[in-house]
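Report on the following structure.
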Amino acid sequence: MRSSSMLKGRVAIVTAASRGIGKGVAKVLAREGASLVIASRDFERLTKTADEIKSEYGAEVVAVKADLTKREEVASITKSALESFGRIDILVYNTGPPKPGAFLELTEADWDYAVKLLLLSAVWLTRDVLNHMIQRRQGRLIYITSLTLKRPLPNLTLSNVVRLSLAGLVKTLAYQLAPYNILVNGVLQGYVETERVLELAKDRAAKEGKPIEEILRAMSQEIPLGRMAKPEEVGELVAFLASDRASYITGSLISIDGGYVQCL
Ligand code: NAD
């Protein structure tokens, strides 16, 4: 496929990108002309994703094995980007999903892990890329979070609680980094058709003794648009936020959920 040029010449980091939403975002950024550093802890799959994106869009893609809960591995993402491309224009922060469960089912170790996965990794990556972006006085920081920022879901305690801090991070950084021409936004996606969601639906189907199609239909019926998003649809929003076309958007938490969350 031919690439267009909304992000031509830009270098983007996308984390947790071996599959799912991160992969969908990486594909759209590559289609728009960006060079990529993609990271994930699952290196085998990440390499396949990198090869797929290279052959589909002719983009330069560097794959970095990094567990987001480990500080040194997170540091290697920015290091690789600077070694490979000498610049970073865009950080797209995405993570693996936290453990589901009610408060009373979670251990203190679960909380420690979730704080590293959903908050500290964002702080670490942001610190790393800012060293570089502030010198260049330009950059885009885009944090992929969840609809749970606006509508806590009953069985997602860790997501409901820990991810809220990302709203604070986006608002605070947008204010503090505006003088450096660094724009900061959050993406609040609803249900996105990824392997993880399909795995969860399969588990639920087995527990309830129903066909998976019935579970997926029930989930889709809760969404006004009547279907889940494709990962690439989240990618389209991220590509826009990363582009010159979004030059006056900062400090925003933007929902992309087919109308699922109805509060203002
Ligand atoms: P997914 O499981 O399909 O993909 C997750 C990616 O994260 C994979 O590339 C995996 O290798 C990577 N990953 C997992 N743990 C990691 C770690 N510790 N370090 C580095 N990489 C790690 O998930 P998804 O559906 O694409 O969701 C992505 C994020 O969006 C998750 O945080 C999820 O909770 C959130 N989210 C998803 C949905 C949805 O409907 N899919 C909705 C709202 C929020």
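The values are calculated or read from the model by the stated rules, or taken from the named source; none is laboratory data. Keep in mind it's a predicted model, so treat the numbers as computed, not measured. Glycine gets a Cβ as well: all are built from the backbone with ideal geometry, and neighbour counts include every protein chain shown. These accessible areas exclude ligands, DNA and RNA; they are computed on the full protein's heavy atoms, side chains included. Shrake-Rupley method; radii C 1.70, N 1.55, O 1.52, S 1.80 Å.
Using every pair of separate Cα atoms, the Kirkwood estimate puts the hydrodynamic radius of region 58-201 at 16.3 angstrom. Phi angles of region 196-205 translate, via the Karplus equation with coefficients 6.51, -1.76, 1.60 and θ = phi - 60°, into HN-Hα couplings of 5, 5, 5, 5, 5, 5, 5, 4, 5, 4 Hz per residue; Gly and Pro are given as x. Across the chain, the relative contact order, built from alpha-carbon pairs under 8 Å that are at least six residues apart, equals 21 percent.
Just the protein heavy atoms count here, and of the accessible area of the chain at 1.4 Å, carbon and sulfur take up 53 percent.
Candidate cross-link partners of LYS70 among the aspartates and glutamates, defined by an alpha-carbon separation under 17 Å and a same-chain spacing of 8 or more, comprise ASP42, ASP110, ASP112, ASP128.
For the chain, the Kirkwood hydrodynamic radius from C-alpha pairs, put into Stokes-Einstein at 20 °C and a viscosity of 1.002 mPa s, yields a diffusion coefficient of 115 µm² per second. Helix 71-85 and the longest principal axis of the C-alpha atoms of the chain enclose an angle of approximately 50°.
What the phi angles of region 223-233 give under the Karplus curve with 6.51, -1.76 and 1.60, with θ = phi - 60°, is a coupling list of 9, x, 6, x, 7, 7, 7, 8, x, 5, 5 Hz, glycine and proline written as x. Overall, the ratio between the Cα radius of gyration of region 117-206 and 2.2 N^0.38 Å, rounded to two decimals, is 1.30. Using a 1.4 Å probe, how large is the accessible area of GLU60, given in Å² and rounded to the nearest 10? Accessible area, nearest 10 Å²: 110 Å². Distant-in-sequence amide contacts of ILE254, defined by a placed amide H-H separation under 5 Å and a gap of 5 or more residues or a different chain, comprise GLY186, VAL187, LEU188. Annotation note: trypsin sites (Lys or Arg not before Pro) in region 113-174 located in DSSP loop regions with a Cβ neighbour count of at most 15 within 10 Å are ARG137.
Among the listed pairs LYS150/LYS207; LYS171/LYS230; LYS27/LYS150; LYS150/LYS230; LYS23/LYS54, a Cα-Cα separation exceeding 19 Å is found for LYS150/LYS207; LYS171/LYS230; LYS27/LYS150; LYS150/LYS230.
The mean accessible area for residues of region 20-150, using a 1.4 Å probe and ignoring ligands and nucleic acids, is 43 Å² per residue. Net length available on complete extension from PHE240 to LYS79 is 55.4 nm, with 0.36 nm assigned per residue and the Cα-Cα distance removed. Each peptide in 64-71, 248-255 receives the mean, over its residues, of other Cβ atoms within 10 Å, and ordering these scores from highest gives 64-71, 248-255. Taking the Cα centre of the chain as reference, the dipole from Cβ charges on Lys and Arg (+1) and Asp and Glu (-1) amounts to some 560 debye.
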